[in-house]
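**Q** Just passing along the structure, written as structure tokens.
Derivation of every value follows stated rules applied to the coordinates shown; laboratory data play no part. Quick caveat, the model's predicted, so the values are computed rather than measured. Glycine also receives a Cβ, built like all others from the backbone with ideal geometry; neighbour counts cover every protein chain displayed.
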Amino acid sequence: MGDQHAHGAGDGHGHDPNQAHHFDTMDQQIEACKMGMWLFLATEVLLFAGLFCAYTVYRGNHPEVFHHASLFLDTKLGALNTVILLLSSFTAAWAVRAAQLRQIAKLKLLLVLTLAGAVGFLVVKYVEYSAKFEHGLLWGLRYDPHDDGHHPAPKPAGAPGLVLAGATTQEYAVATPWDDLTAVQDKSLVKPAGNEVAVQAVDGRVVPEEGAPPRKPWVGSAEQVRNVHIFFGIYFVMTGLHGLHVLIGMGAIGWVLLRAAKGDFDGGYYLPVDLVALYWHLVDLIWIYLFPLLYLIG
Amino acid sequence: MKDNYLTHSKGFLSWALTLDHKRIGLMYLVATLGSFFVAGMLALVVRTELWAPDPTIISADRYNQAFTLHGAIMVFLFIIPAVPGALGNFVLPIMLGAKDVAFPRLNLLSFYLWMLGGAIAVLSILSGGVDTGWTFYTPYSTEPERLGVVMMATGVFILGFSSIFTGLNFVVTIHKLRPPGMTWFRLPLFLWATYATALIQVMATPVIGITLLLLILERTMMIGIFNPKLGGDPVLFQHFFWFYSHPAVYIMILPPLGIISELIAAFCRRELFGYKFIAFSSVAIAAFGFLVWGHHMFTSGQSTLMSMMFSALTFSVSIPTAVKIFNWLATMYKGSISFETPMLYALTFLFTFSIGGLTGIFLGALSTDIHLHDTYFVVAHFHYVMMGGGVIGLLGGLHYWWPKMTGKMYDEGPAKLACALVFIGFNTTFFVQFVMGSQGMPRRYYNYDPSFQIYHQVSTVGSYILAAAFFLMLFYLLKSLATGRQAPDNPWGASTLEWQCSSPPPHDNFSTTPTVGDPYDFSGMTYDPQIGGWRPKGAPAAQGAA
Ligand SMILES: [Cu+2]
């Protein structure tokens with residue numbers, strides 16, 4: 001959109017080579033391209049709005065599913081990705097400034113850094129996705145949580161000892177015996193669920209109290225929450241579509257990087273950089289919403 | 001002959017890679033009319049099958065696929081893209097006084113996305129066909145044996161992007177490419193209508209995009225969002241689908257409403273009564289259109305309170321629509337109307353579209369809709385709106401701008417005859433459907449009670465009359481290309497900018513940026529029998545300057 005070459009050869013006005021023949025002035029072209037980009041971003045927001053709407057409906061109908069399932073997402077990796085995207089958005093904005101000031105070397109460096117951020121994001125996402133695939137934490141019929149043989153069965157990450165809302169105490173007894181609690185700062189979080197079941201932390205490991213009724217491993221208890229796969233369906237669609245946007249964004253950033261290397265922006269024309277940065281901010285913004293909505297429920 | 005956009009460059013590639021909005025518009029015209037032909041043939045198959053209750057010419061499965069393909073092609077490949085893509089593309093920049101749309105390459109991309117999406121949608125018939133109806137309701141469409149759904153949904157998904165890009169292009173063009181003097185309230189009303197349409201295209205289409213994407217994922221990966229077998233919610237699909245597809249009705253009807261405004265001004269040769277009211281009513285219809293989707297779900301288990309609100313909002317759409325109708329009537333009142341073919345279509349439109357709008361009130365009312373839901377009454381209603389409004393308006397616009405697009409005049413005699421046949425055939429086909437629908441004939445049924453047979457037969461005869469009318473139209477339009485009289489620059493004495501440039505327009509539309517005044521000022525023109533058209537008073541009696 002932003003790249004309207006002058007194809008009206010022979011119109012003989014001798015204007016900016018970046019100006020397309022059907023625009024009267026360069027300003028008009030820049031304004032039109034920016035407006036087009038904003039409208040396009042609006043359509044992107046609306047595309048995701050459908051998913052956010054589906055999310056709201058299902059979370060409203062099945063709060064227990066969302067509470068339970070979100071515990072299996074890795075909050076640390078999600079937070080890391082949030083930081084990575086925020087930083088890359090910052091370098092993208094800085095790149096626009098550099099282009100404005102015709103600092104081409106700096107522009108290229110900042111674009112490379114932005115691209116690196118995008119790659120970093122996808123690498124982290126890959127790590128997260130592989131863990132989900134290994135443990136069968138997938139959508140629809142493919143949802144089949146299991147111990148993959150190498151690692152212990154996955155447990156709700158980041159929130160050991162959390163009692164699930166609405167769960168019956170027996171089945172959702174807090175931390176399971178193999179839960180490692182050394183990392184948990186606030187041991188008071190580790191509570192027995194209800195009064196019947198009690199646990200105690202011994203050397204950072206949870207040991208059931210004598211006489212406590214036997215507990216099922218988490219996998220067993222997860223089965224008590226029906227329709228957990230719906231959360232993973234929404235999780236994979238939302239993050240997958242967002243990931244696709246990251247890929248498209250990488251293509252766009254690579255394209256302006258190439259144009260910068262070719263010297264297209266030496267003359268003070270930097271509209272493509274501006275438009276691509278706008279797009280990248282949107283990709284960032286969507287993630288800013290996805291992260292708390294998917295990872296930080298509870 | 002002078003250089004024009006048709007002769008400007010030659011060869012296949014000069015068309016396939018053109019960035020000229022006029023050529024793209026013409027390609028859209030051929031392509032969308034081709035789709036109309038295919039979908040029309042399917043309609044004839046469906047109507048013929050319904051001649052008698054028992055199997056007549058095709059099996060029940062084929063019948064289901066035929067009406068589904070008829071609906072999907074008509075809606076997604078013809079009515080939605082036809083007016084914006086063909087007439088809008090051709091006329092909008094010239095009417096505005098611009099050299100092109102804001103993003104010519106995006107415009108060409110829209111066209112190719114249309115081709116790609118259309119091909120995939122139609123080829124779904126090869127992968128088992130689709131028999132869900134054009135609405136693809138879940139859980140019906142998520143059943144494994146409905147093989148064609150994935151391809152059809154993919155095709156429509158791509159068509160959605162084509163529509164979004166066209167809308168985006170038009171919004172930016174109208175905002176940023178107006179020449180000096182072209183203020184918002186000097187925009188011809190067709191442009192106001194196209195603008196309102198483009199806003200809907202941009203704002204509603206992404207929602208059907210994500211809905212179809214979810215449907216595709218539901219079918220291919222079983223994500224369980226719409227499929228009740230996996231805990232999903234099929235009514236959510238209906239909400240998503242109609243959140244787009246109701247506004248989409250206005251994508252189909254608003255541009256023809258704009259065409260009618262132009263026709264009535266041009267053939268009454270006077271300032272439109274209530275210009276601003278007509279302009280804002282287009283925007284109001286677009287805005288209301290986003291708030292009424294629940295009227296398709298009165299029987300889907302929606303809460304009564306929601307249904308009541310949707311019903312009330314649905315009624316409110318009739319206000320801006322009536323504003324248009326009454327302003328047009330006021331414009332015609334005591335005017336000296338010239339009854340050339342485009343104006344005959346405008347009058348037909350007033351008749352058929354009013355019936356379509358008024359029968360919508362029966363369906364928008366909660367109590368009657370329970371009775372009429374999914375009957376032929378609904379079929380008749382939306383055909384009166386989409387065909388009686390959308391297609392008739394398109395035909396009016398096609399006959400109005402045909403001389404400008406092709407540089408040739410068609411014969412008035414056969415054109416008027418075809419218009420009369422369209423009027424008769426259309427009403428014969430669909431009016432009886434109101435009657436049998438109100439008596440309980442359900443839509444989409446292959447078989448029916450013999451007591452309905454007479455209505456079905458009348459309807460089928462009507463569809464044959466319609467077909468005859470369209471073949472006649474095809475004949476005289478093609479004939480005009482071969483032997484038609486050279487069109488004057490302004491054959492109708494119309495006042496908007498496109499009639500100031502030559503017929504057909506030159507490659508760049510205007511060699512100098514045109515001066516813009518009142519779009520409906522008819523005072524400066526006089527009829528010149530030598531050129532068979534109108535020219536500015538005082539100008540030499542020759543072809544006007546480009
Ligand atoms: Cu509707």
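**Q** Return the FRET efficiency for the residue pair B:S9, A:I248: r is the Cβ-Cβ distance, R0 is 22 Å, and the value is rounded to the nearest 0.05. Numbers along the way, then the final one.
**A** Working: r = 34 Å, r/R0 = 1.53.
Rounded to the nearest 0.05, the efficiency is 0.05.
**Q** Please list the non-local residues whose amide H lies under 5 Å from the amide H of B:G533, H modeled 1.01 Å from N, same-chain partners needing a gap of 5 or more.
**A** Correct list: B:D528.
**Q** Work out the mean other chain Cβ neighbour count within 10 Å for the residues of A:45-51 and drop it here as an integer. Provide the component values of the computation, followed by the final result.
**A** Details: counts 1, 9, 8, 2, 4, 13, 4.
The shielding value for this peptide is 6.
**Q** Peptides B:313-321, B:493-501, B:478-486, B:167-175: what's the order by average Cβ count within 10 Å, highest mean first? Present the calculation step by step, with values, prior to reporting the outcome.
**A** Working: B:313-321: 17.9, B:493-501: 23.1, B:478-486: 13.3, B:167-175: 25.1.
The densest-packed peptide leads the list: B:167-175, B:493-501, B:313-321, B:478-486.
**Q** Further question: Distance in nm between label sites at A:I288 and B:A287, each 7 Å beyond Cα in the beta-carbon direction?
**A** 2.9
**Q** Here is a further query. Sort region A:21-132 into rounded, prolate or oblate with this rule: let a ≥ b ≥ c be the square roots of the eigenvalues of the Cα gyration tensor; rounded if a/c is under 1.5, and if a/c is not under 1.5, prolate when a/b is larger than b/c, oblate otherwise.
**A** On the way: a/c = 3.93, a/b = 1.56, b/c = 2.52.
The shape class here is oblate.
**Q** Give the long-range amide H neighbours of B:R485: residues separated by 5 or more places, or on another chain, with amide H under 5 Å away, using H modelled in the peptide plane at 1.01 Å from N.
**A** B:M409
**Q** 7 Å from Cα along Cα→Cβ at both A:R226 and A:S130: what's the point-to-point distance in nm?
**A** Label-label distance for A:R226 and A:S130, simple model: 3.7 nm.
**Q** Let me ask another. Could you give the length gained on full extension between B:T299 and B:R62, defined as 0.36 nm per residue of separation minus the Cα-Cα distance, in nm? Let's see the in-between values first.
**A** Values: separation 237, 0.36 × 237 = 85.32 nm, distance 2.78 nm.
Here the answer is 82.5 nm.
**Q** Turning to a different aspect of this structure: Let's see if you can work this out: charge +1 on each Lys and Arg Cβ, -1 on each Asp and Glu Cβ, no other charges. What is the dipole magnitude of the protein assembly as shown about its Cα centre, in debye to the nearest 20?
**A** On the way: 47 positive and 52 negative charges, 356 e Å.
Roughly 1700 debye for the protein assembly as shown.
**Q** Sticking with this one: Answer rounded, prolate or oblate for region B:112-173, using the Cα gyration tensor with square roots of eigenvalues a ≥ b ≥ c: rounded when a/c is under 1.5, else prolate when a/b is larger than b/c, else oblate.
**A** prolate
**Q** Could you give the length gained on full extension between B:F339 and B:Q439, defined as 0.36 nm per residue of separation minus the Cα-Cα distance, in nm? Mind showing how you got there, number by number?
**A** Values: separation 100, 0.36 × 100 = 36.00 nm, distance 3.84 nm.
Roughly 32.2 nm would be gained on extension.
**Q** May I ask you to derive the relative contact order of region A:11-117, considering only C-alpha pairs under 8 Å and at least 6 residues apart, and to give it as an integer percent?
**A** Values: 37 pairs, mean separation 16.8, N = 107.
Rounded, it is 16 percent for region A:11-117.
**Q** May I pose another question? Enumerate the amide H contacts of B:T375 below 5 Å, restricted to partners 5 or more residues apart or on another chain; note that Pro and chain-start residues carry no placed amide H.
**A** Under 5 Å from the amide H of B:T375 lie the amide H atoms of B:R443, each far enough along the sequence or on another chain.
**Q** From the phi of every residue in region B:111-126, what ³J(HN,Hα) in whole Hz does the Karplus formula 6.51 cos²θ - 1.76 cosθ + 1.60 yield, where θ is phi - 60° and glycine or proline is x?
**A** Here the 3J(HN,Hα) series is 5, 5, 5, 4, 4, 5, x, x, 4, 5, 4, 6, 6, 4, 5, 6 Hz.
**Q** Mind checking B:201-214 for the average number of partner chain beta-carbons within 10 Å of each residue's beta-carbon?
**A** Details: counts 1, 5, 4, 2, 3, 9, 6, 1, 4, 11, 2, 0, 5, 6.
Whole-number average of other-chain Cβ neighbours for B:201-214 is 4.
**Q** Could you give the semi-axes, largest first, of the ellipsoid that matches chain B, computed as the square roots of 5 times the alpha carbon gyration tensor eigenvalues and rounded to whole Å?
**A** Values: eigenvalues 298, 124, 109 Å².
With the √(5λ) rule applied to chain B, the semi-axes are 39, 25, 23 Å.
**Q** Please list 3J(HN,Hα) in residue order for region B:367-375, calculated via the Karplus relation 6.51 cos²θ - 1.76 cosθ + 1.60 where θ = phi - 60°; whole Hz, with x for glycine and proline.
**A** Ordered by residue, 3J(HN,Hα) equals 5, 6, 5, 4, 6, 8, 3, 6, 10 Hz.
**Q** While we're on this one: Each label point is 7 Å from the Cα along the Cα-to-Cβ direction; what then is the distance between the points at B:Y112 and B:S523, in nm?
**A** For B:Y112 paired with B:S523, the spin-label model returns 5.0 nm.
**Q** Can you tell me the order of B:101-111, B:279-289, B:510-520, A:20-30 when each peptide is scored by its average per-residue count of other Cβ atoms within 10 angstrom, highest first?
**A** On the way: B:101-111: 22.9, B:279-289: 21.2, B:510-520: 15.4, A:20-30: 19.0.
So the peptides B:101-111, B:279-289, B:510-520, A:20-30, ranked by packing, come out B:101-111, B:279-289, A:20-30, B:510-520.
**Q** Turning to a different aspect of this structure: Decide, for the protein assembly as shown, between rounded, prolate and oblate: order the square roots of the alpha carbon gyration tensor eigenvalues as a ≥ b ≥ c, take rounded if a/c falls under 1.5, and otherwise choose prolate if a/b is larger than b/c, else oblate. Let's see the in-between values first.
**A** Details: a/c = 2.57, a/b = 1.49, b/c = 1.73.
Oblate.
**Q** Here's a follow-up. Which percent of Cα-Cα pairs in region B:245-308 sits in each 5 Å bin, short to long?
**A** All Cα pairs, binned at 5 Å, distribute as 4, 15, 19, 17, 13, 11, 8, 6, 4, 2, 0 percent.
**Q** Follow-up. Going by average Cβ neighbours within 10 Å, how do the peptides B:149-162, B:125-138, A:120-133, B:261-274 rank, with the highest at the top? Let's see the in-between values first.
**A** Working: B:149-162: 24.5, B:125-138: 18.9, A:120-133: 15.9, B:261-274: 23.0.
With the highest mean Cβ count within 10 Å placed first, the list reads B:149-162, B:261-274, B:125-138, A:120-133.
**Q** How much length would be gained if the chain were fully extended between A:W38 and A:L141, taking 0.36 nm per residue of separation minus their Cα-Cα distance, in nm to one decimal?
**A** 33.2 nm
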